[in-house]
Each structure stands twice: as structure tokens, then as C-alpha cells.
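What follows is calculated from the coordinates using simple rules that are stated; it is not laboratory data. Predicted model, so just to flag it, every value in this text is computed and none were measured. Because the Cβ atoms are built from the backbone with ideal geometry, glycine has one as well, and the counts that use them run over all protein chains shown.
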Amino acid sequence: SLVHAFERRDLLIEHLHALNDAYRGLFERHLVALAHEMKLPMAEVFEVATFYHHFEVLPNDATQAALTVRVCDGLSCEMGGAKQLLAKLPALLGAEVRVIRAPCVGRCEQAPVAVVHQNAVPHATPDKVKAAVQAGHTQQALPDYVDMAAYLADGGYALAASLSKGTAQTEDVLQAMEASGLRGLGGAGFPAGRKWRIVREQTAPRVMAVNIDEGEPGTFKDRTYLERDPHRFLEGMLVAAQVVGIEAIYIYLRDEYHGCRALLQHELAALQANPPCPLPHIELRRGAGAYVCGEESAMIESIEGKRGEPRMRPPYIAQVGLFGKPTLEHNFETLYWVRDIVQKGSQWFTSFGANGRVGLRSFSVSGRVKQPGVKLAPAGITVQALIDEYCGGMLEGHTLYAYLPGGASGGILPARLNQIPLDFDTLQAHGCFIGSAAVVVLSQHDTARDAALNAMAFFAHESCGQCTPCRVGTVKAVQLMQAPTWDNATLEDLNEVMVDASICGLGQAAPNPVRCVQTYFPHEVA
Ligand code: SF4
């Protein structure tokens, strides 16, 4: 089976992970050997290995530190004290431990977070991190969750089974999905039912790609639900596969979610041992630290074992996607709601909503609130209601100053605009968008310019480099944004070219936080 695996070009990243895990880095001699075994040019292996942040290519004579500690420097962790951690940890942990900064690790409600090898330390302090290192706590503990037996006992997989037996009809399920108005919850918001119908109309064979890359800073809803109730998602996935007629499913999980990976491996094995319906081929794939792979076509490139560079469209992936086949791509959470919508009826979902909006949203709330976390609330709720009714209010000594309604790329709004319904369309008039519903709350102790700089530095780090406006523009913007007084004319030149000439959403959305500071917080940069 190893020989067979080496023949599969698409498994290159999995092989790189195996080497990286075993040797704490990718030594050149191992890459040469891998290229030989896979019958690939060395340049191809090298260009993939150097693209992903979680791989480090090392010369053959390099010596590696015994352990790596990553300190998240995403916005919520920065507000929670990441800079102080980064300043103190190297001396405290000694030369044997390598301390590096890492982009958002998807645990913003636990800020600040440090990751000791693969073990996330929530609400990290220097002493807590040191204790984890000394105790050898380097693997993520599995959370308590609803396992296969408990899920079955609660009526789970009845829907998936009834579809395969013909006691439920795929057309009825499809109509329920369309009537619910459920939109893709990864950020783009494309209606899920319509997507199913479009892919179903394509010529077989069709495949599905599940996006659990959840890299937007501020977002942690997919991890939270996956840690609690993985089979609700797996059943939604199997229902979608039956309705659309899918022959193979590839689940792409971000590498930072080590506990989720172990959990999913375990529960997928349980599902395959006791399948409620005929299962398509299912593979769990591991990301390697590249935010851009959350973009659907970049994720497909990555599953194919390549650099995660977004594709030009058309063709759209619904027609020509993974391995050249029509592809149904879904965010984790979109599939998570399928069982409830079909069994409870589309009216159940549409009965929720606020301020004229319809449905439910899972808001990842972090920052200066008393109870950060994933808040399931009506679509269209305002940030003020979200803070007051779902988060226990602001932290003691903090008042609302600003908020990010949609993570790093969704823009920044001032406190006076605290009554805007948070939903897909309503924020656009204010230069913002909801994306994956990651709400980061800032107080009078924070500044919008710091938040915007944090976001732009993230984009510069994560640009895939394929197009010049994004690759160069983000770096240049970071430089300009550090001046006490902003050169707004030059920044706006950059904004325009990034929005107009970038291939994908990363470069197109990167100017959002800058423009919001210029519009709503000019006093901070004057
Ligand atoms: Fe890559 Fe940025 Fe261009 Fe997207 S916009 S393709 S991330 S360089």
C-alpha cells in the first residue's frame, strides 16, 4: 500500500507531514528521497514544501530545537497579551525550546493562546506554558463529545439511512434545503440548496470537498461544533452526498486543529465500521498552515497535493473542480445544520431572525466581552444585542469602542453603528461584510488602527504571492500603516489596485480594514 500511496501525486502533502512530524522539519535529504519515491521532480516537491507555513525545509546538517512553542498573534490574542508572552517566553523556556509567533490558531475565545508542539494552552501565561513544557504536555487532549453510540441513540443517522432505503426522497430534501434559505456559512454565503442542484445537474462522477480550514482570524465556530457533535456534521455530509450523487468526499481540516483531527479519525473509523448507508470514498486531509487554502479553489489545489494558489475562474469548481470533476464544496457548518433543517422542517430555520433577517447564525465572539464564545443567535441581531444578551456585557472597565463584524477581512465599525443588523447584505452599505460571522469587540483601551495593522500584517504573511497587487500591496500597506500619520492618498492607490487586480478574495478584501479606519476613525491616523 505504501508503493500505491507513493504513486498518488495528491498525497504529497500527507507525506510531507509524515516527515515533518517524525523529524521536526523537512531535511533536504528526505525531500530528495521523497521526490525519488514519488517519481516527481525535486523542484515540484520543494515548491510545495516551501509554500506551507507548517513545513520548514532544513539543510542536511541543521540541528533542530527539541520543541516548538507557537504564540498566536491574531487580533484577539494580541489584545489579550500575546506580545508580552512573546517577550517573556524565550528566556523562560531556554534554548531547547523555539518560540515563534503564529497567525490565528482558531481559539480566540481563549485568548491569549500558546501552542506547545500540538497542545493548545488556553488563557496562556508564561507560567502555564512553562508548566506544559516541563510536564511534556505536547498533544491536544480529546474533548468530551457526542460519539457515534450517543448520536445513534438520539436518532442520529435516521435521515441518512432513510434516503438510502428510499423511504425519504432526495428531491424532498433538496426542496427543504432550498426553502430554508440556508446560505454557505464559510463566508461567501451562496445558497446551499441551489449549490446542491447545480452540482447535481453536472455529469458524474462528482466529488465533494469539505472546508474545515477555518483560518479567518476571529473564527472558531467550526472547531467548537466539531469538538461537541462531529456526527451531526458527518450525517449532513452523507445526506448531501446522497442528494447530489457524490462518489468521493475529501475533508480538508486545518492543521492547527490537532484534537479535532484525532477525533475525526476516530469517528470516521466508527462510521465506516457501522455505516448507516452506503458510504462514498472518504479521505481526511490535513492542511499545513496556509490561510489562503480556505479559498475554495486554493483548497482544491492543496487536496491535489499542490501549492494552495487560487485558480482563475471560469471554469467554476461546480463544473471543473477537484481532479477535474464537478465538485460540491461546503463549509463544515453548512453541513452541520442539514439534519435539523430537514427533520424539523425548513420553517424551523426560517422562524428565527431579527430586524427583518431570516435564519440562525453562529457568531464567534471574542475580545472585550465577559463571555466570549460561539453564540447561536438570530441572523440580523445587532452587535449591541449580541454583547448584552449573549455575552454577559462588556468586560469590567471596558466600553464598546469598535467592532469587527466579520473577522480580519470584514472591516471595522465604530460603536455608534452598533444597531446594524449583522447579516450578509446589511453590512455592505457600511463597507463591511459578515463573512464567517467572527465578531471581535474592541473597547476604549484599543485602537482601530492597531486592529487594521494586525489584519494587514496577517494578509501580508498569508498572501500566496501569485499576483503582484496582493503580494506587494499588502507588504507596502503594512509599512505605510506604521506611520503616526497615514499617507491616505498612497494607501488609497494601493487599496484600489488590490481590489481591482487581485485574483482572489484575500487581496480584494485586504483593504477593508484600512478603508474603515480612514472612514470611521480618521482621528486615529491624522
Ligand atoms: Fe494569492 Fe493574494 Fe492573488 Fe489571492 S489575491 S491569488 S492570495 S496573491
With both partners inside the chain, how many of the DSSP beta bridges are antiparallel, as a percent to the nearest 5? 40 percent
Where does the Debye-calculated log10 I(q)/I(0) of segment 413-452 sit at q = 0.23, 0.31, 0.33 Å⁻¹, using only Cα point scatterers of equal weight, no solvent? -0.87, -1.24, -1.28
Paired Rg and Dmax values of the chain, which use every Cα atom, in angstrom: 22.7, 67
Given 358-367, 167-176, the highest-first ranking by average Cβ count within 10 Å works out to 358-367, 167-176
Computed Kirkwood radius, in angstrom, where 1/r is averaged over Cα pairs of segment 199-331: 15.0 Å
Starting from the 7 Å offset along Cα-to-Cβ, what nm value, one decimal, do you get for the label separation of GLN265 and GLU7? 2.5 nm
Highest first, please rank the peptides 473-480, 335-342 by the mean number of other Cβ atoms sitting within 10 Å of their residues. 335-342, 473-480
For ASP172 and ALA131, calculate 0.36 nm times their separation in residues minus their Cα-Cα distance, and state this gained length in nm to one decimal. 9.3 nm
Need the C-alpha centroid separation for segment 55-106 versus segment 348-395, integer Å. 33 Å
Do the sum for the chain: with -39,500 (n - 2.57) for every DSSP H run of n ≥ 4, divided by all residues, what is the mean residue ellipticity at 222 nm, to the nearest 500 deg cm²/dmol? -12000 deg cm²/dmol
Using packing as a proxy for protection, rank 150-160, 281-291, 72-82 so that the peptide with the highest average count of other Cβ atoms within 10 Å comes first. 72-82, 281-291, 150-160
For SER164 and ALA22, compute 0.36 nm times the residue count separating them, minus their Cα-Cα distance, and round to one decimal in nm. 46.9 nm
Output needed: percent of Cα pairs per 5 Å distance bin for segment 360-477, bins running from 0 to the one holding the longest distance. 2, 12, 21, 22, 18, 11, 7, 4, 1, 0
For segment 254-360, how big is Rg over Rh, using alpha carbon atoms and the Kirkwood form of Rh? 1.03
The cysteines in the chain that find no other cysteine Cβ closer than 4.7 Å to their own Cβ are CYS104, CYS108, CYS260, CYS277, CYS293, CYS391, CYS432, CYS464, CYS467, CYS470, CYS504, CYS516
Å³ per residue enclosed by the Cα convex hull of segment 460-524: 73 Å³
Residues with amide H under 5 Å from that of ALA209, placed H, sequence gap 5 or more: TYR250, LEU328, GLU329, HIS330
Could you check the spin-label model distance between HIS53 and ALA489? Points 7 Å from the Cα along Cα→Cβ, value in nm. 3.5 nm
What translational D, rounded to a whole number of µm²/s, comes out for segment 280-428 from Stokes-Einstein when the hydrodynamic radius is the Kirkwood one over Cα pairs, at 20 °C and 1.002 mPa s? 119 µm²/s
Name the shape class, rounded, prolate or oblate, that the alpha-carbon gyration tensor gives for segment 139-260, where a ≥ b ≥ c are the square roots of its eigenvalues, rounded holds for a/c under 1.5, and otherwise prolate holds if a/b is larger than b/c and oblate otherwise. oblate
Stick to Cα atoms and the Kirkwood definition of Rh, then tell me Rg/Rh for segment 20-107. 1.08
For segment 430-495, what is the convex hull volume of its Cα atoms per residue in Å³? 121 Å³
Could you compute the net charge surrounding ARG357? Neighbours are other residues with a C-beta less than 14 Å from the C-beta of ARG357; K and R count +1, D and E count -1. 0
